[in-house]
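One structure is given below, encoded as structure tokens.
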Number of protein chains: 2
Amino acid sequence: MTNARSIRLKSRPKGAASHENFGMTQDTLPDPGEGEFLVRILWLSLDPYMRGRMNAGKSYTPPVEIGGIMTAQAVGEVVASRHPGFAEGDIVLGGFGWTDHAISDGRDVVKVPEGPPISTALGVLGMPGFTAWTGLGEITGAAQGETILVSAATGAVGAMAGQLAKTRGLRTIGVAGGPEKCAFAMDELGYDACLDHRALDAAALTTAVAEAAPQGIDVYFENVGGDTLSAAVMNMNDFGRIALCGMIAWYDGANVEKAAPLPLIWRNILTRRLRVRGFIVFDHYADFPTFHAEVAPMVMDGRIKVREDVTEGLENAPDAFFRMLEGGNFGKTLVKVAER
Amino acid sequence: MTNARSIRLKSRPKGAASHENFGMTQDTLPDPGEGEFLVRILWLSLDPYMRGRMNAGKSYTPPVEIGGIMTAQAVGEVVASRHPGFAEGDIVLGGFGWTDHAISDGRDVVKVPEGPPISTALGVLGMPGFTAWTGLGEITGAAQGETILVSAATGAVGAMAGQLAKTRGLRTIGVAGGPEKCAFAMDELGYDACLDHRALDAAALTTAVAEAAPQGIDVYFENVGGDTLSAAVMNMNDFGRIALCGMIAWYDGANVEKAAPLPLIWRNILTRRLRVRGFIVFDHYADFPTFHAEVAPMVMDGRIKVREDVTEGLENAPDAFFRMLEGGNFGKTLVKVAER
């Protein structure tokens, strides 16, 4: 028997998520049964999509139930196993949730390949990195010589999108919040330009994109919605493509009244003959091995930079989550639940 | 020398277009020079996109200049020619504008194939029909067994989209304005269902689409924006496709305040993994012969129904245009300028 601490959804947020929506519980896990194993969680991934799971509305996956453990990908160590495929000491990745221990039957759990630091299985070599890779490839076919605009340019997805695009010969323009992130985007991530959306209103951001992209935008990697979306659309070249995988600016129901009017965006999709494609990376996992084979060597030799925003302690996950939703993170948001 | 009456853009509309934006002029055309010919216009096509040309804003083509002849495709008869490729008596299609006579050098002018009634070169066998065919094929790949929702279901584009989709084995659901159009859609155009958007508010229309499409919507043929767009998006199946070729509800800057919030539509594009593609049929003219070869026989043997909304006399073009923009037309809007 093992004690497990977990953070559960106590209530659904109205507007911004807050502490009152979460509660920590202590539970006693049984020993693993036949075909099961026990995982001690080491790293927890916090990602913007989790805000959507807190709502009751229909989305691409069911919401977290009230009283249920908050959903998350996590990396942990197998500490006891009665499963033939997993042994004590294995490092595994699975949707274990906001918890420090979990029992698993192995479904949707994979072993983390040796080599890169294990936390990267939640970031550059995990779901966010794979999202960026999929958005550049299958979704938009971003090609050498084109110009790409990446929102949340230093975030877990954006940082990979910008760096991969650069290796593929695109001109890369980032949008990020604050001068520190913009400097990092250009100095470390290799962006050709980075615009600080906190310093620019919607009109100024639109102008700044035009100046940074004199040839126009061919591909927009959309993680945020808000002013960045409008600024992108107003600068798209004819036949441009938009990979839509997030809209963090609007997740809380926030800023909706400040959103550009739908008819304006719709008219520009029409007149510029844009292609907008919503995608969820879970639909594309058949391509994961191809992604990993391409990108893992680039992570190990430093061609892809890894920046992590680490919070220590499961109990601090909600604060780290709120901060990330407000753009206060800098790099891939992780919670370090335990030392290896 | 020939007298030509033309309707010109006198001023740009603020909101709805009105008579004060147009003025008729009488001009004297010179005799055609070497390499030119004179066309006597027979039929003029009125199409929603022309409303966009009245604005100064950037679109996919330059706006009509103040004082310029309103743009339009027209069919006419060559009455004098010094052009080697065109002879007296030829029936030709070109962008002659809102006028009763025009001098042409033959650029972007084609002869109307013999067989079908010549007015169909402006409708089912012209730009609107070709738009429908392109939207079903290249843009969305609408396939047998799928369900398509067609807005402006009895309009020039929609009527062809619905009929072609039916011949290709889709379930076809139309949205049109008024019981008469809906009856026509089902009885004559073969729609499986037709919803009257004038009788339903946005919420009721969304429910009605859900009831008419128990399997959900795979393809939405978007001509209108407005409530129909919201109702479509809220009923799209995962991986559905939207062919965006018009937004008549919003052309005048009208109804913008009633538009669905962008974040709502954007979220659904994301979570349902939709593909939205804006298109302009002019980009696709290389495929026109394939379209014509497929569809002309269907028009001649009656498999494709032709409904035209004919106004007599060039001077009445503005009234016909206003009526069309309000949805008062019933079928392809044409102005009969002269008898053949």
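Values quoted throughout were computed directly from the atomic coordinates according to the rules given, and no laboratory measurement underlies them. Source: prediction; values computed, not measured. FYI the Cβ positions are ideal-geometry reconstructions off the backbone, even for glycines, and counts take in every protein chain you see.
Numbers for the structure displayed
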quantity: CD proxy at 222 nm, helix term only [per DSSP H run n ≥ 4: -39500 (n - 2.57); per residue of the protein assembly as shown; nearest 500]; calculated: -7000 deg cm²/dmol
quantity: HN-Hα J in Hz across the stretch B:92-107 - Karplus 6.51, -1.76, 1.60, θ = phi - 60°, x for Gly and Pro; calculated: 10, 10, x, x, 7, x, 7, 7, 9, 8, 8, 9, 9, 9, x, 5
quantity: The stretch B:267-293 versus the stretch A:139-215: alpha-carbon centroid distance in Å; calculated: 28 Å
quantity: Assigned charges on the beta-carbon of Lys, Arg, Asp, Glu; the stretch A:127-281 dipole about Cα centre (debye); calculated: 480 debye
quantity: Ranking of B:ARG40, A:ARG277, A:ARG8 by count of other Cβ atoms within 10 Å, fewest first; calculated: B:ARG40, A:ARG8, A:ARG277
quantity: For A:ASP90, residues with placed amide H under 5 Å, excluding near neighbours; calculated: A:VAL78
quantity: Anchor A:LYS305: lysines whose Cα lies under 30 Å away (excluding residues fewer than 8 positions away in-chain); calculated: A:LYS111, A:LYS166, A:LYS181, A:LYS332, A:LYS336
quantity: Placed amide H near A:LEU42: partners under 5 Å, 5+ positions off or other chain; calculated: A:VAL75, A:GLY76, A:GLU77
quantity: Computed over the stretch B:102-206, Cα set: Rg, Dmax in Å; calculated: 16.0, 53
quantity: Estimated vicinal HN-Hα couplings, Hz - the stretch A:324-340 in sequence order (Karplus 6.51, -1.76, 1.60; Gly, Pro = x); calculated: 4, 5, 8, x, x, 6, 9, x, 5, 7, 10, 10, 8, 8, 7, 6, 5
quantity: B:LEU264/B:ALA80 FRET efficiency (R0 51 Å; Cβ-Cβ; nearest 0.05); calculated: 0.30
quantity: Antiparallel bridge percentage (DSSP; both residues within chain A; nearest 5); calculated: 55 percent
quantity: Position A:GLU138, label points 7 Å along Cα→Cβ, spacing to each other copy in nm (shortest first, one decimal); calculated: 2.6
quantity: Mean shadow area of chain B over all directions, Cα convex hull, nm²; calculated: 16.5 nm²
quantity: Number of partner chain Cβ atoms within 10 Å, mean per residue of A:253-265; calculated: 5
quantity: The protein assembly as shown - Rg (one decimal) and Dmax (whole number), Cα, Å; calculated: 29.2, 102
quantity: Exposure proxy ranking, count of Cβ atoms within 10 Å, fewest first, for B:ARG275, B:ARG307; calculated: B:ARG307, B:ARG275
quantity: Spatial separation of Cα centroids for the stretch B:91-125 and the stretch A:87-123, in angstrom; calculated: 67 Å
quantity: Order of A:GLU308, B:GLU146, B:GLU114 - criterion: other Cβ atoms within 10 Å of each residue's Cβ, fewest first; calculated: B:GLU114, A:GLU308, B:GLU146
quantity: Distance from the stretch A:14-45 to the stretch B:25-74 (C-alpha centre basis), Å; calculated: 68 Å
quantity: Calculated FRET value between B:GLU88 and A:GLU326, using beta carbons and R₀ = 56 Å, to 0.05; calculated: 0.15
quantity: Inter-label distance, nm, simple model (7 Å from Cα along the C-beta direction), A:ASP287/B:ALA204; calculated: 4.5 nm
quantity: The protein assembly as shown - Cys residues lacking any other Cys C-beta under 4.7 Å; calculated: A:CYS245, B:CYS245
quantity: Amide H contacts of A:CYS194 (H built 1.01 Å from N, under 5 Å, at least 5 apart or other chain); calculated: A:GLY174
quantity: Principal-axis tilt of helix A:156-167 within chain A, Cα atoms, nearest 10 degrees; calculated: 60 degrees
quantity: Derived scalar couplings ³J(HN,Hα) [the stretch B:231-236; Karplus, 6.51 cos²θ - 1.76 cosθ + 1.60; whole Hz; x for Gly, Pro]; calculated: 4, 5, 4, 6, 10, 6
